[in-house]
Amino acid sequence: MRSNSLRYIGLVLLFLLAINANGQKVGVVLSGGGASGMAHVGFLKALEENNVPIDYITGTSMGAIIGGMYAAGFTVAEIDSIVRSDEYRRMATGELDDDIRFYYKMHEDDATMANIKLGGGSLISTTLPTNLINPVLFDFKLMEHFSSASAAAGYDFDSLYIPFRCVASDIENKKSVVFNQGHLNVAIRASATYPFYLHPIRVDNKLLYDGGLYNNFPSDILYNDFLPDVIIGCKASGNIDPPDEDNLISQLTNMIRSHSNFESLCEAMIIVEPKSDLGTFEFDRMADGIDDGYKATVAKMDSILTFISHPVDPVQREIKREAFRSKKQPIVIDEVTINGLDRSQKSYVRGILGNNVDSIQINKIRKPYFRLFSDDKIKSIFPVTMYNANTGLYRLILDVKREKDVFLSFGGNFSSRAINTGFVGIRYNVFRKMSSTISANSYFGKLYGSIHGDVKLDFSGKVPFAVQPGFTFNRWDYFRSLSTFFEDVKPSFIVLNERFGGLSVRVPTGAKSRLTVYADYAHIFDEYYQNEQFLSIDTADQTVFDAGIAKMLYERNSLNRKQFASRGDKLIIQGKYVQGVEKTIPGSTSLSRDTTVNHRQWVAAKASYTNYMLHVSVITLGFHMEGLASTQPFFQNHIASVISASPFQPTPESKTIFVAPYRSHNYAAAGLIGIITPAKNLDIRGEAYAYNAFGKIVANTAGEVSYNWETDVMFIGAATVVYSSPIGPVSFAVNYIDRRQEPWSFVFNFGYLIYNRSIRD
C-alpha cells in the first residue's frame, strides 16, 4: 500500500517537473452568453482532444459556470453530461423536480393573476420582483457541485485543479469584482446573476450582478493575474449594439452594460467565435450550443496548435486531475447555521430541516431544504458550506430571507359571456416558532360570488401538519340564456347559496401529495323554478339543507399550471359522509303546496385522475377519468334532487352553466386530451369526454322523482387556443355540450375560472 502511494506521488512530481521544464503556460478565457455559452463545453472538449494544455481559466457568467466546473476537477465528459440533463435545464429555467415540489405547502388554487407584497414599512416599489425565475434549485446545485472543490483548495482559487478567476459586477460602484478566493459556488452565482432573470446576491456587503455587465470577456484578468504565454478565448457573445432611438430596451441595456475588450492582449492570443443562433435563454437548445463550440474550435485548431510548443500528455493531465479530486471530501453535514432570522423563526426552520443533524449526507438534506423553501414564510435561501479539517465534516450555512408579512392578490376572469368575475385576496403571515397564516378573499360577479376566510396553523417537525379553521359563503346565479357581454341577461332560474364553516387538518403523504380531513357544518339555501317557462310574478321554490359533513381528501398533483395544464398528473380520491335536515318551501311553479321537512344522510366516494402522459415533439396526449359512487337519496322534488347531486364539469365552460343531465348520484366519465404547442406558452387544445350516469334523475308528470336506468352516454368537447401569459391564460374556445338546448358555444376568456371550495364537492 505504501509503495503504491509513493509511486503515485512520484508520477505527480514527474508531471510537475515536465510542466516546469516546458515553461509555456496556456490560459483560457470564457465569455458570458447565456444558453449560447454552452459553446464553451464543446470548446474545452476540442482542446482536450488535441492535447492543448490548460493552465489557467477565467470566465464570466456562463463562462464562469463552465470554467468553474473544469477548474473544480470535472472532466469535460462530466460537464457535458450535466449541462445536457433535464435537471440542468430546470436549473436554468427555474423549474423544480416533481420530488422537491412540496405540494403539502401549496395554497389552494384561486383566481390570482397578480400579487403585491407589503411588510416592514416597505413601499410597494420594493415588492416588485427582481427576478423572472426561481433560483432555489440553481443555488442548491451550485453548492453541491463546488463545495468539496472549494474545501480541497483551502478556499484559494489558485489551488484548484486549474487556477481560476471569475468576475461579477458591483453596480453601486460601477466596477467589476474579481473572485480569487472564498466559496466557489458564491463566486460563480454572483458572476452568473443576469439582471432581472436571477435575483442578485450580497457578498461582503456588496450587491453583485452578472460579470458581463462590465467585463464579458475577462482576458485582462487572465493576463494580469497569471501572465500566460498563450491565451485562447471562446467568445460566445459580443458587445451590444449601439442604442436605438426607437428601442427602449436597447437604450436601457446600453445604460447598464459596458463594452468589453475582445482585442488581443499579447502576440500569442487566439479567439474562437462559435456561430450560433441561440438566444440568451434558449436553454432547451443547449446541445446545439455545445456542437457549435466544438465545430468552431476544430475549425481553428491548426491555428491554435501553432502557438502550442508542448502538447500536454493526456495521462499526465488525468494524473493531475485525479490528484486534486482525491482531496475532495464528500459533503457530509454535522451542523446547520441559520442566518437572517430571529430565535423563534430559527426554531420553526429547524423543525422543518430536522433538529437532529449528525453526519447527514447532502442528498439527505435535499428534501427538507426544498420543503423549507416551499413554505410561504420564506422568500429565499442561499446555501454555503464550510469544511472542518479536524472532523472531515461540513457546516451548512443558510442565509434565509423571510417573506413579506402581507400579500394582496388580484385576479378573476374577463369573458365575452356574462360570467365576468373579479377576485381580491389578502394573506397575513405570522412567522414564529408555531407559524400561522391569516387569509381572506372575495369573488364578485353575476355568475359567482364568494367570501372566504381562514387561519392556518403550521406545525413543523418530523411529521409536519397544519390545522385550519375557516368559513366560506358561496353563491352561483345561473341565468337562462347564454348572453354575451354586450347583452342583457334574462332572469335567473337557479340560485345556489351555501354557507359553511369548520376545521381541516392536513398532513403530507409525499413530495407531491397530501391528505386533508374536513369537518364542516353547512347551511345550504337554494332558490329555483321547476321549469324555465316561468313569469316575473312567479315565486321560486326554496330548499334549505342544514348538515354536518365529514370528508377525507387525498390529492397528488404535479400539474404545471392551475388551469390549462400541459404537463404532469393529478389524482384526487375522496370519501364523504353527510347528515342533515332538508326543508322545502314550494313556490308558484311547484306541483306541491306543502312545506316539508326530511332527514337526509348518505356516504359518497369520488375519484378523478388526469395525466398528460405522452410528449412527442410539439404534441402532448393526455386523458382524464372520473367516477362517483354514493348512497345519496332524492330530495323533495326533481330540481332539488338534481341541484344536490354532484356535477361533471371537465371544461372551463361546463363550470359556468347548469346542465341537469350531467348531475347524478353515480356516474363514470372518461376523456382524451390532445395538445399542439407551436410556440412557447401557446397551446392548441382538443378535449373530448364521454359521460354516463348510472341512474339518471328524472321526474314523471306527477312530479315523482326516480332513476332512469337506461344507458345513455353523453359527450362534452372543447377546442381551445390558449396563450399562457405571465399573469393568466388568454383563451378562445369552441365548446360542445350534449343534451343542451344550444349545444355549441364560442367564448373568449382572460383569466381563471377557479372558485373557492364548495361544500357540495
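The values are calculated or read from the model by the stated rules, or taken from the named source; none is laboratory data. Just so you know, these numbers come straight off a predicted model, no measurement behind them. All Cβ positions, even for glycine, are placed from backbone atoms using ideal geometry, and neighbour counts span all protein chains on display. SASA here: full protein model, heavy atoms, side chains in, ligands and nucleic acids out. Shrake-Rupley method; radii C 1.70, N 1.55, O 1.52, S 1.80 Å.
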Against the rule of thumb 2.2 N^0.38 Å, how large the Cα Rg of the stretch 293-413 comes out: 1.71
Principal axes of the chain: Cα extent on each, largest first, Å: 109, 55, 51
Paired Rg and Dmax values of the stretch 548-676, which use every Cα atom, in angstrom: 18.5, 64
Positive dipole terminus of the stretch 348-468, leading residue within Phe459, Tyr394, Pro383 (C-beta point charges): Tyr394
Gyration tensor (alpha-carbon) shape descriptor, the stretch 393-531, a/c threshold 1.5: prolate
Equivalent ellipsoid semi-axes, the stretch 25-118, via Cα gyration tensor eigenvalues times 5, rooted, Å: 38, 15, 10
Under 13 Å from Lys328, Cα to Cα: aspartates and glutamates that are on another chain or at least 8 residues apart: Glu144
Above-threshold pairs, the threshold being 20 Å between Cα atoms, out of Lys562/Lys696; Lys105/Lys141; Lys206/Lys327; Lys105/Lys433; Lys105/Lys404: Lys562/Lys696; Lys105/Lys141; Lys206/Lys327
Surface per residue (accessible, 1.4 Å probe) for the stretch 682-761, Å²: 49
Nearest-10 value in Å² for the accessible area of Tyr428, using the 1.4 Å probe: 100
Whether the stretch 504-620 is rounded, prolate or oblate, judged on the alpha carbon gyration tensor where a/c under 1.5 counts as rounded: oblate
Amide proton proximity set for Gly233, modelled H, under 5 Å, gap of 5+: Val29, Ile270, Ile271, Val272
Global geometry of the stretch 512-573, whether rounded, prolate or oblate, following the gyration tensor of its Cα atoms and the 1.5 cut on a/c: oblate
Efficiency of FRET between Asn598 and Phe748 - r from beta-carbon atoms, R0 51 angstrom, step 0.05: 0.70
Axial C-alpha extent at least 24 Å, average Kyte-Doolittle at least 0.0 - helices from the chain (DSSP): 2-22, 136-152
20 Å tail of the calculated P(r), the stretch 610-725, as % of Cα pairs: 50
Dimensionless Rg/Rh of the stretch 556-623 - Kirkwood Rh, Rg from C-alpha atoms: 1.33
The stretch 510-555, dipole about Cα centre (Lys/Arg Cβ +1, Asp/Glu Cβ -1), debye to the nearest 20: 540
Portion, in percent, of the accessible area of the stretch 568-671 that falls on carbon or sulfur, probe 1.4 Å: 62
Cα-based Rg of the stretch 401-452 normalised by 2.2 N^0.38 Å, two decimals: 1.49
Accessible area (Å², 1.4 Å probe, nearest 10) - Phe471: 90
Candidate lysines for bridging to Lys235, where Cα separation is under 20 Å - those fewer than 8 sequence places away on the same chain excluded: Lys45, Lys275, Lys295, Lys300
C-alpha center-to-center spacing [the stretch 22-93, the stretch 272-321] in angstrom: 8
Net charge dipole size for the chain [Lys, Arg +1 and Asp, Glu -1 on Cβ; Debye, nearest 20]: 2080
Ranked by how many other beta carbons lie within 10 Å on average, peptides 390-397, 638-645, 439-446, 461-468 from highest: 638-645, 439-446, 390-397, 461-468
Computed over the chain: relative contact order in percent, which uses C-alpha pairs under 8 Å that are six or more apart: 10
All aspartates and glutamates inside 13 Å of Lys175 as judged from Cα atoms, apart from same-chain residues fewer than 8 positions distant: Asp210
